[in-house]
Amino acid sequence: MNNIDNLYFLKYAEAFIMSALFIAVGYILNSQDPCFLENRINISLFFLATLTLFFGWTGLLSFIIVYSLAMKTLYTTFDVYQLLQLSILGLILYLFQYVWDTKIKKQIVKEEYLSQKLSENSSAFYTLKASYDRLEKDYITKPFSLKDSLKKIINLTTNQNRGAKSEFLKFLSQIYQVRKSMMVTYEKGEIREFYSLDKSDNFNQNDILIKRALSENIPVYIDFNDNNQSSYLAVIPVISKEREKISLLVIKDMLFSSFNKDTLLQISVIFTYFVQSLEKKRFMELHGCNRPYLDEMFAFELCKLQQIEKLYDIPSSMITIKSTNREFMKKLLSIIKKEKRVIELIQTLTVNKTNYVIIVLFPFSNTSNVEGFLSRLKSKFTYIESKDFSYKIGDIKKNKIENLLE
């Protein structure tokens, strides 16, 4: 039985127990009328409303079953009218609960998407900053880009997942003088994978730093003034979106002069960037997101939004703009970059060397919102009305990008 099945079972169990307790309390108060059928105020309606609004269909069904059994067992006559009244009211309340719950779930999905985008952009920005800082510091002896080095590691196929982890640990050793480190993956509270360059390394999951990192979900470091000494210097956790998977970077030994807050912060951000990139790569391969004519980032976000719309019915749209006038498209692109929101993505293409295409992806926006965006562009360019210019607007679920490019 998986976690979802356990959750449903617990909800039904709670609803049945609460319904049974309601009848039991009613029996204690008045053994002749435990279902409160003869009360001037029908308490059953209030209890049914509470259960239905809290548990949804589970609460409604559980209460009706328990209530029906109580009337059948404890009364001489079965009050069909009372049961019908409760069922109709319950169905109305369930409809309200379903609509409201759906809106909440959609809002949560939107917030998770935006939060993940913020996290990814923050990690990418800090990685880029660290790259330039390091480049400025060591530009004579060993010029390099952290981001470029990471990309080379991440570009290893998922079939070489352990190879990517091996290269990452070597990367930390070369750049940050991390002499001994390991990567551990927890899934549903259990160790799923352990990797270290040193095959003789053992992982102590009962270590105080490991426990703190898993419970607090933040990077933790050794405190040399604390009597409870750890076997490790630092533990850095990265939690997956579903929160069922946690990746740990465990630093066992590193050059003492490099063991400082700035270096550990850089390692933490770079490890987060590395894990997010691997998850992104796996997601794209799993859902067939790769399109050779699209940038990887644009293709990933398009595929991700298509999955969100498919699962939660949250619409996203895009517009494709085509023209043979190169200079006009350059000017239009600069205007689009100024007019668009931060979360909206732009992709530029050249088709048959003479047709220039701009694609703008609008997360969580319907086609009417895109029409408004186009109206703002038209107010700035009269050329948009010419024969040399064409555009298509479509929902990303109903319209494939290949169709919009035709």
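Quick rundown of the values:
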{"read-out": "Mean Cβ neighbour count within 10 Å, used as a protection proxy, ranking 307-316, 164-173 highest first", "value": "164-173, 307-316"}
{"read-out": "Cα gyration tensor shape of the range 296-405, rounded if a/c is under 1.5, else prolate or oblate by comparing a/b with b/c", "value": "prolate"}
{"read-out": "Protection proxy ranking of 180-186, 255-261, 109-115 - average other beta-carbon atoms within 10 Å, highest first", "value": "180-186, 109-115, 255-261"}
{"read-out": "Listed peptides 14-21, 51-58, 212-219 by packing density, highest first (mean Cβ within 10 Å)", "value": "51-58, 14-21, 212-219"}
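Bear in mind that the values in this text are calculations on the coordinates, not laboratory data. Please read all numbers here as calculations on a predicted model, not as lab measurements. FYI the Cβ positions are ideal-geometry reconstructions off the backbone, even for glycines, and counts take in every protein chain you see.
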